1. With respect to A:P168, is the statement that it is in contact with a Gly (Cβ under 8 Å, 6 or more places away or on another chain), surrounded by 22 or more Cβ atoms within 10 Å (Cβ to Cβ) and over 24 Å from A:C265 (Cβ atoms) true?
2. Test B:V109 against the criterion of being of a type outside the set (K, R), open to solvent by less than 20 Å² (accessible area, probe 1.4 Å), touching a helix residue (DSSP H, G or I) at 6+ places or on another chain (Cβ under 8 Å) and within 29 Å of A:V251 (Cβ to Cβ), and give yes or no.
3. Only residues that are outside any loop (DSSP other than H, G, I, E, B), over 15 Å from B:V86 (Cα atoms) and either in contact with a Pro (Cβ under 8 Å, 6 or more places away or on another chain) or open to solvent by 10 Å² or more (accessible area, probe 1.4 Å) (or both): list them for region B:217-251, please.
4. Restricting to region B:11-40, name every residue that is more than 25 Å from B:V364 (Cβ to Cβ), open to solvent by less than 10 Å² (accessible area, probe 1.4 Å) and modelled with pLDDT of 95 or more.
5. Select from region B:103-141 the residues that are of a type in the set (K, R) and within 20 Å of the chain's Cα centre (by Cα) and list them in ascending order.
6. Checking the condition more than 18 Å from B:R111 (Cα to Cα), touching a residue at least 24 places away in the same chain (Cβ under 8 Å), small (G, A, S) and crowded, with 18+ Cβ neighbours inside 10 Å, which residue from B:A432, B:A426 passes?
7. May I ask you to verify whether B:L183 is open to solvent by 10 Å² or more (accessible area, probe 1.4 Å), farther than 22 Å from B:G278 by Cβ and of a type in the set (A, V, I, L, M)?
8. Looking at (1) at pLDDT 90 or above; (2) open to solvent by 10 Å² or more (accessible area, probe 1.4 Å); (3) more than 15 Å from B:A195 (Cβ to Cβ), which is the only condition B:G78 fails?
There are 2 protein chains.
Amino acid sequence: LSRLPLVEGVLKYIKEKNILFCMPGHKGGLGFLKTTQGVELYKNLIKGDITEVDGVDNLHFAGGIIKESQQLLSEYYGSIKSYFLVNGSTSGNLAMIFSAFNEGDKIIVERNCHRSIFNAIIMRKLKPVYIKNKIHSKYDAPFPLDKEHFLYLIKENRDAKGIIVTYPNYYGICFDLQYVIELARNYGMLVLVDAAHGAHFGASKLLPENPLKLGANMVVMSAHKTLPSLTQTAFLHVGEGIDINKVDFYVSAFLSTSPSYMFLCSMDYARFYIEEYGEKDYDELIKICAVNRKRINSLGKFYVLGPEDLRETLGNQDEDNNMYTMDLTRYILNVPKGYSGHKLLQYLRVNKIQAEMSDSRNVVLIFSPFDSSQAFNALYIALKKCDMKTLEQEYVDLMDYDMPTTIMYPYEVMDREKTIMELRQAEHKISAAAIVPYPPGIPIIMPGERIEKKTIAIIEYYLRNNVTVFGINQGKIETVEK
Amino acid sequence: LSRLPLVEGVLKYIKEKNILFCMPGHKGGLGFLKTTQGVELYKNLIKGDITEVDGVDNLHFAGGIIKESQQLLSEYYGSIKSYFLVNGSTSGNLAMIFSAFNEGDKIIVERNCHRSIFNAIIMRKLKPVYIKNKIHSKYDAPFPLDKEHFLYLIKENRDAKGIIVTYPNYYGICFDLQYVIELARNYGMLVLVDAAHGAHFGASKLLPENPLKLGANMVVMSAHKTLPSLTQTAFLHVGEGIDINKVDFYVSAFLSTSPSYMFLCSMDYARFYIEEYGEKDYDELIKICAVNRKRINSLGKFYVLGPEDLRETLGNQDEDNNMYTMDLTRYILNVPKGYSGHKLLQYLRVNKIQAEMSDSRNVVLIFSPFDSSQAFNALYIALKKCDMKTLEQEYVDLMDYDMPTTIMYPYEVMDREKTIMELRQAEHKISAAAIVPYPPGIPIIMPGERIEKKTIAIIEYYLRNNVTVFGINQGKIETVEK
């Protein structure tokens with residue numbers, strides 16, 4: 001039996017020496033080695049794991065180098081105030097929601113929001129109304145919000161205090177945020193943006209716009225997902241219309257009072273990097289991505305989605321299809337119907353390419369300026385030699401999924417007595433848990449919603465495909481009574 | 001103007017090459033270099049900054065190497081379940097309090113609890129009753145709870161759901177936890193322990209006992225403060241009488257869904273280290289500490305407190321004085337009245353010795369098995385050659401401090417309109433903020449308490465001594481009306 005299972009498991013994985021088309025954005029350290037300043041940081045990283053002493057400031061009472069660095073961050077992104085977060089976008093989402101809303105507030109929230117948003121909704125005792133998400137009918141890729149449903153909801157819920165949207169989603173797809181913000185402003189609602197995957201947005205004209213430039217009231221960005229920063233680092237940006245004192249309190253409450261200086265330094269570096277090199281490096285990366293997309297698509301086996309696919313039919317609402325843009329620094333690598341995205345991810349891993357995540361029909365790959373052309377070529381070769389037979393999988397249609405009916409608010413479920421039962425026996429019961437396949441981290445059912453036949457089928461589908469499903473334990477689900 | 005203020009500031013500090021008698025416990029990486037397994041981890045640390053991929057498990061859905069490592073942690077400390085925390089003891093205190101108590105619950109809490117405990121009390125809407133803390137009259141060092149007051153409170157508040165205690169405090173002083181737990185059990189109250197500074201307790205017979213062995217219901221420990229683990233890492237241990245499902249939810253809610261594997265690996269390593277080497281290494285360290293204490297005390301200039309001082313008069317209640325024990329791996333280095341602990345800390349820093357923290361009369365130094373005898377000798381030499389004249393400071397008596405009167409509960413203050421005013425003009429007003437000098441991180445006044453003349457004097461004292469005081473901005477304080 002191993003006495004150091006975690007250390008040994010991670011060292012074993014490191015020794016595989018995979019090409020990292022996944023998070024974090026520094027790609028095994030390469031992002032630090034790109035500049036002389038980064039090399040110095042890289043070499044001294046563990047020595048930089050210090051505690052608050054004279055001269056290095058205090059994150060919870062910033063008045064020196066941390067304050068200075070946060071001001072540079074704020075200036076670069078164009079916020080009123082920006083914060084370094086050492087507990088990931090999770091802590092940003094908590095602080096954002098606790099600061100902007102009060103108990104009992106109604107909010108409009110995208111169904112596909114991150115689990116941390118929903119946890120905040122529960123703990124802040126909010127009353128959520130969910131905007132439907134679309135799924136691209138041809139590629140089975142989840143898209144951001146359904147415009148028609150969004151318009152309907154905002155008109156029907158004028159008492160809502162604000163809207164929470166994900167921009168972009170895990171696949172890099174963005175809904176037209178400017179449209180959302182203008183509409184919300186007309187209704188006097190705040191717009192909070194979970195831009196966990198968009199810290200690089202705005203760096204190049206070829207990328208979607210930085211949400212702060214579009215007038216978002218609060219924005220959370222993961223630093224590590226796309227920028228050269230250590231995993232678990234994030235930024236919170238505050239725009240207009242927000243009480244900064246409340247933000248100060250909640251940011252401080254949700255962050256360790258022993259923050260990692262390794263994290264803080266890497267966030268300082270990430271902002272420095274994107275500011276100094278972002279435009280040139282991202283323009284270049286996007287060119288490389290486009291060239292390799294063409295090569296991969298020419299194989300005729302897989303299909304990497306492009307901007308033109310965003311304007312294709314998404315359902316019945318053709319006129320809505322100019323509402324989407326995409327992050328050209330990630331691939332949605334689609335497999336034809338009858339093949340498995342999950343199996344493709346596994347195939348790539350065996351071929352020493354680590355993709356970010358998969359769903360039934362797609363593999364998502366995240367690129368950064370630190371990926372070499374050799375790495376892109378290795379991807380091309382692996383895909384070229386892939387035997388499609390090994391990826392075969394019975395096709396399951398994802399399109400019929402509707403939101404279950406809400407019976408009670410998520411926070412009301414928290415204190416009720418729970419009954420654990422077999423998933424199959426739970427039809428018509430009320431779910432006590434959020435059931436979330438991860439990735440992509442989107443809830444199938446939320447606490448307080450009624451479990452329907454379809455709900456059970458979707459959960460079983462993910463389980464069968466070996467996706468980690470939060471909220472299900474050994475095939476059982478927690479339920480409550482009304 | 002620096003474009004990388006944080007990185008440059010930290011690198012500058014590293015280049016000072018100070019002896020680290022402070023956190024973190026790995027002492028600039030030495031703790032990893034002590035074993036062959038640690039060296040391997042040290043060398044691969046940044047490469048180990050990976051995301052969740054096949055084979056390395058998922059912290060929020062542990063079923064592989066993380067689960068295995070957490071089980072080893074649980075076995076070592078003797079818990080029912082133990083959790084790795086990547087957001088420090090702060091997240092542990094939040095999760096512990098949210099899991100154990102419900103909104104509106106009355107709790108008994110030590111006045112000297114950590115800021116994160118108080119933030120949790122506010123956010124969980126608890127009704128706190130505070131136990132007074134003692135201050136050692138001869139050395140002006142804060143001691144844990146006042147037994148007489150504790151006995152009075154527990155009898156007067158039989159409806160309280162539980163007790164939260166700090167064990168040990170920042171100075172390494174412990175109140176008799178077994179006594180607290182037995183008494184609480186008789187009253188049907190839970191005992192939650194913030195053992196942030198006690199992750200090494202129980203490793204040697206010369207150290208205070210591990211709180212789980214004494215029957216605590218929940219315990220939070222910082223891994224990094226005393227063990228070889230990276231800053232911001234901590235453990236949460238669950239004992240009897242706690243709903244594990246609730247703990248699972250809140251731990252997950254307060255932790256990043258992109259947890260750092262560098263952190264996770266270092267916690268695996270810290271547990272491995274203390275289990276394999278703890279007893280021998282701590283026995284040895286305590287011997288070295290004792291020898292050097294004697295040498296330092298023989299100088300006749302400073303005084304390092306020892307176990308015999310715990311039994312000296314602490315006030316009027318002589319019979320209570322066998323209630324205290326201390327961590328023999330840290331020094332409370334006392335200066336005589338008329339001299340400044342703060343100035344001594346600064347003097348040591350100039351002499352390339354980084355102490356952990358200071359108050360008006362004391363400097364606290366934290367040792368670990370990775371501190372060399374040369375390092376201890378450097379401390380002795382620095383103290384020997386110290387010119388006492390440079391440490392002179394007018395003596396201010398800390399003994400007269402009483403708790404201000406509670407006018408409303410801390411959470412009730414949150415949504416009231418705040419008025420910012422000069423500290424001096426705030427007499428008789430209700431404080432809207434927790435005013436906390438940091439270190440030592442103990443609140444002078446809590447939200448909802450009445451600001452008294454004495455309160456103002458103490459705050460001004462800390463400000464004058466250049467201690468960071470949370471809650472005061474440019475001499476101003478936030479107040480609310482009843």
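1. Working: in contact with a Gly (Cβ under 8 Å, 6 or more places away or on another chain): yes; surrounded by 22 or more Cβ atoms within 10 Å (Cβ to Cβ): yes; over 24 Å from A:C265 (Cβ atoms): yes.
Judged against the criteria, A:P168 is a match.
2. On the way: of a type outside the set (K, R): yes; open to solvent by less than 20 Å² (accessible area, probe 1.4 Å): yes; touching a helix residue (DSSP H, G or I) at 6+ places or on another chain (Cβ under 8 Å): yes; within 29 Å of A:V251 (Cβ to Cβ): yes.
So B:V109 fits the description; yes.
3. Here is the first cut: in region B:217-251, the ones outside any loop (DSSP other than H, G, I, E, B) are B:218-222, B:234-238, B:244-251.
Narrowing further to those that are over 15 Å from B:V86 (Cα atoms): B:218-219, B:238, B:244-247, B:249.
Within region B:217-251, B:V219, B:I244, B:N245, B:K246, B:F249 qualify.
4. Matches in region B:11-40: B:G38 only.
5. First, the residues of region B:103-141 that are of a type in the set (K, R): B:106, B:111, B:115, B:124-125, B:127, B:132, B:134, B:138.
B:R111, B:R115, B:K132, B:K134, listed by residue number.
6. Details: B:A432 fails: more than 18 Å from B:R111 (Cα to Cα).
Criteria check complete, one pass: B:A426.
7. Numbers: open to solvent by 10 Å² or more (accessible area, probe 1.4 Å): yes; farther than 22 Å from B:G278 by Cβ: yes; of a type in the set (A, V, I, L, M): yes.
For B:L183, the condition - open to solvent by 10 Å² or more (accessible area, probe 1.4 Å), farther than 22 Å from B:G278 by Cβ and of a type in the set (A, V, I, L, M) - is met.
8. (3)
The values are calculated or read from the model by the stated rules, or taken from the named source; none is laboratory data. It should be emphasised that the depicted structure is a prediction, and the values quoted were computed from it without experimental measurement. All Cβ positions, glycine included, derive from the backbone under ideal geometry; neighbour counts span all protein chains shown. Quick note on the areas: whole protein, heavy atoms, side chains included, nothing else; ligands and nucleic acids left out. Shrake-Rupley method; radii C 1.70, N 1.55, O 1.52, S 1.80 Å.
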